[in-house]
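Visitor: Take this structure, written in structure tokens, and hold onto it; I'll ask about it next.
The values are calculated or read from the model by the stated rules, or taken from the named source; none is laboratory data. Note that the coordinates shown come from a computational prediction; the quantities given were computed from them, not determined experimentally. Virtual Cβ from ideal backbone geometry, glycine too; neighbours counted across all protein chains shown. All accessible areas refer to the heavy atoms of the entire protein, side chains included, with ligands and DNA or RNA removed. Shrake-Rupley method; radii C 1.70, N 1.55, O 1.52, S 1.80 Å.
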Amino acid sequence: MIAISNQPKVVIFDVFGTLLEIGKQHHPYLLLMRHLRVQGRQPQADDSRTILTFDGSQAELAAHLGTTVSADQLATCEAALQSDLNCIACFNDVADTFAALHQRGCRIAICSNLAQAYGAKVMDLLPDADVYAMSYQLGHIKPEAQIYQYVLDKLNLAASDCIFIGDSAYADRDGAKAMGMDGRLLDRLNGQQLKDLLADVLLGCCCGTL
């Protein structure tokens with residue numbers, strides 16, 4: 001059971017696995033990295049972070065990593081990416097949850113570890129957020145403090161004013177708690193929905209207004 005919290009001024013959401021799902025994943029960036037390995041580039045420990053903080057296309061990312069890919073290889077990566085984009089959809093509880101939060105005066109923020117190629121699609125599907133904190137735009141990933149701090153600064157809020165919801169214990173719940181936010185872990189694989197984590201907000205008093 002969720003403890004009753006002070007009424008939040010913003011609810012911050014992770015994206016994939018929380019608000020959006022990819023019906024069938026085609027892993028375009030993994031495919032790109034495989035092509036780069038064939039070219040002789042060895043995998044690095046920080047490759048995942050580099051992908052998530054680079055604000056550019058797949059071809060530009062390959063060049064940034066010191067390697068080029070052929071036109072045919074790039075075409076396979078872009079096809080995989082387009083297949084991913086075509087399969088992205090909101091979970092069926094997102095629209096109602098957002099509407100209920102807005103009715104109660106809560107702001108909504110999006111905070112995601114996200115490769116640049118997915119950014120436009122995410123914002124197209126989730127147009128009603130007050131703030132978007134995308135790793136590829138900010139150069140930081142969760143659970144680095146800077147990405148959470150960006151949201152606080154943009155909304156001029158204290159961490160104690162925020163609930164953070166995501167499906168990663170490490171990046172979403174624990175990272176947010178380390179900032180002083182109310183971090184809550186969403187388990188959609190076992191049928192949990194957003195309303196289950198926000199029962200104290202959606203069924204209680206109205207959220208504090210800014």
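Visitor: Just from its helices, what would the mean residue ellipticity at 222 nm be for the chain, if runs of 4 or more DSSP H residues each count -39500 (n - 2.57) and the sum is divided by every residue, rounded to the nearest 500 deg cm²/dmol?
Guide: -10500 deg cm²/dmol
Visitor: Right, another one. Can you give me the % of accessible surface on the stretch 81-209 that is carbon or sulfur? Probe 1.4 Å, all protein chains present, nothing else counted.
Guide: Carbon and sulfur atoms account for 48 percent of the accessible area of the stretch 81-209.
Visitor: Rounding to the nearest 20 debye, state how big the charge dipole of the stretch 69-142 is about its Cα centre with +1 on each Lys and Arg Cβ and -1 on each Asp and Glu Cβ.
Guide: 300 debye
Visitor: Let me ask something else. Give me the accessible area per residue for the stretch 66-210, probe 1.4 Å, as a whole number in Å².
Guide: 46 Å²
Visitor: As a test question: what accessible area, to the nearest 10 Å², does GLU78 have when a 1.4 Å probe is rolled over all protein chains in place?
Guide: Spelled out: GLU78, probe radius 1.4 Å, area about 100 Å².
Visitor: Oh, and also: Which of ASN86, GLN193, LEU126 sits closest to the plus end of the dipole of the chain, meaning its Cα is farthest towards the positive end, when Lys and Arg get +1 and Asp and Glu get -1 on the C-beta?
Guide: Sorting the options by dipole projection puts first GLN193.
Visitor: Counting DSSP beta bridges with both partners in the stretch 72-210, what percentage is antiparallel, nearest 5?
Guide: For the stretch 72-210, the DSSP antiparallel bridge percentage is about 0.
Visitor: Run down the lysines and flag those whose C-alpha is under 23 Å from the C-alpha of LYS121, throwing out any fewer than 8 positions away in its chain.
Guide: List returned: LYS24, LYS142, LYS154.
Visitor: Is the shape of the stretch 1-121 rounded, prolate or oblate, going by the alpha carbon gyration tensor and its root eigenvalues a ≥ b ≥ c, with a/c under 1.5 for rounded and a/b larger than b/c for prolate?
Guide: Verdict is prolate for the stretch 1-121.
Visitor: Along each principal axis of its Cα atoms, how long is the stretch 141-210 end to end? Whole angstroms, biggest number first, please.
Guide: Taking max minus min along each principal axis of the Cα atoms, the stretch 141-210 gives 32, 29, 15 Å.
Visitor: OK, next. Which one of ALA99, ALA71, ALA171 has the biggest mean-square fluctuation once the chain is modelled by GNM with Cα springs under 10 Å?
Guide: Of ALA99, ALA71, ALA171, the most mobile in the Gaussian network model is ALA71.
Visitor: So how strong a dipole does the chain carry about its Cα centre when Lys and Arg Cβ are +1 and Asp and Glu Cβ are -1, to the nearest 20 debye?
Guide: The calculation lands at about 160 debye.
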